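Only one structure is covered here, and it is reproduced in the block below.
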Amino acid sequence: MSGESSLEAGPFPKTSVDADLMAPPPRVPYFDPERGGWIFSRYADVVSALRDPRLWPVVAHGEDQAKTRDEIGRLRLRPDVQEALSASKLAEWQAQMEQPTRCALEAVTADRPIDLLGEFAKPWCLTLAMLVTGADPGERGRLSELGTSVFAGTGEPDGSALKANAAAAIVELERVFERLGVPMGEPTFIAISQTSARLLSNAWLALLRHPSEYARLRAEAHLMPGAIEELLRYAGIVRRVFRWATEDLELGGVKIVKGDRVLLMLASANRDPEQFPEPNCLDVARSLATHVSLGMGRNSCVGAPLIRMAAAVATRALVERFGEAEVAGPVEWHVGSGFCFPKAVWARLRR
């Protein structure tokens, strides 16, 4: 991904253990002429904006999402996707992922540093994506290549080779999942196989950088559900989302005119001390108020239950199998208009 950095300039020192994931402190809404839009970063303001139907979802460069959304901005296929991701299906997939998870971790050796993103998260998430979408296991290699092409084109400029390859891959994936009758099949496959792997890489890097929290999570397995919420808050990969005002409105104490662009700074909202005490500390036992990493209201992530289940299954397996884990090399970040995640998570694991 390319484009403007999703890491804002801020007062946080780079000596901080997780300075890469820091966000500027939330402040009152203001208009940023360089970005050409209103900046909302306080938790309460971001939540209000996410819930307001007059602020229409757009992507970073302003493209409308009207084709996939109804008159108030909800995904048209949301009910179908929610039905497909029912609690019974989640429980079934969780059980079916137990053996692939064991096999994946058994292949991880402790005699060398491994890339948790490339050697565990990505293949594991691909297996889950194949399971959820009902794709033919024989198509795994081809679908993996297509998914990689789609993700590589995210944030690339129009006319670039990566963007063109991504567009062609999307068309091919849409054909595949249309035949399978999977609602929102292509974005579902990409979200699970590609985006979820990067989310796990952010979460695991944060855990590795906080060995006391890793040890606590290993020792107190009952903390896992809340720990996943804390990791989503602390290390979410979506740093900001974009909106367009469909009419004049007043929000957060400012007047927004129809046609104005609004940037919702999710990372800053998730570090708002008014909502989260000691927000820059990772605490797997935190009594967590609702974060905004997966959206909220009509714009909440439709796949949130699946994301939570997958993150818990993979993270639990990792901490149970390896008593100690540490970062084994420098981290290079992939930064785009709205995302931030490591290109690799090199770790040394000990049982």
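The values are calculated or read from the model by the stated rules, or taken from the named source; none is laboratory data. Here the structure is a predicted model, which is why all the values come from computation and not from measurement. Cβ placement follows ideal geometry from the backbone for every residue including glycine, while neighbour counts extend to all protein chains displayed.
Counting only residues that are at pLDDT 90 or above, of a type in the set (Val, Ile, Thr) and either surrounded by fewer than 17 Cβ atoms within 10 Å (Cβ to Cβ) or closer than 19 Å to GLU186 by Cα (or both), the range 51-104 holds 0 of them. Here the range 276-289 is the region considered, the condition is being surrounded by fewer than 18 Cβ atoms within 10 Å (Cβ to Cβ) and without any contact (Cβ under 8 Å) to a residue 60 or more places away in the chain, and the residue that is nearest to SER212 (Cα to Cα) is CYS281. Scanning the range 296-335 for residues that are of a type outside the set (D, E, K, R), modelled with pLDDT under 90 and either farther than 21 Å from PHE189 by Cβ or buried (at least 19 other Cβ atoms within 10 Å of the Cβ) (or both) gives MET296, GLY297, ASN299, VAL302, GLY303, GLY329, VAL335.
Yes/no matrix, rows are residues, columns are (1) assigned to a loop (DSSP other than H, G, I, E, B); (2) out of contact with any Leu (no Cβ under 8 Å at 6 or more places or on another chain); (3) among the polar types (S, T, N, Q):
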| residue | (1), (2), (3) |
| --- | --- |
| LEU263 | no, yes, no |
| PHE276 | yes, no, no |
| ASN280 | yes, yes, yes |
| THR290 | yes, yes, yes |
| GLY295 | yes, no, no |
| ALA311 | no, no, no |
| LEU318 | no, no, no |
| ALA325 | no, no, no |
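Residue-wise test of (1) within 21 Å of the chain's Cα centre (by Cα); (2) of a type in the set (Asp, Glu); (3) in a helix (DSSP H, G or I).
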position	(1), (2), (3)
GLN94	yes, no, yes
VAL108	no, no, no
LEU128	yes, no, yes
SER149	yes, no, yes
GLY155	yes, no, no
ALA164	no, no, yes
ILE170	yes, no, yes
PHE177	no, no, yes
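When restricted to residues that are touching a residue at least 24 places away in the same chain (Cβ under 8 Å) and within 27 Å of GLU172 (Cβ to Cβ), the range 105-119 contains 2.
With respect to the conditions (1) farther than 27 Å from GLN82 by Cα; (2) small (Gly, Ala, Ser); (3) in contact with a helix residue (DSSP H, G or I) (Cβ under 9 Å, 6 or more places away or on another chain), GLY259 falls short on a single one, namely (3).
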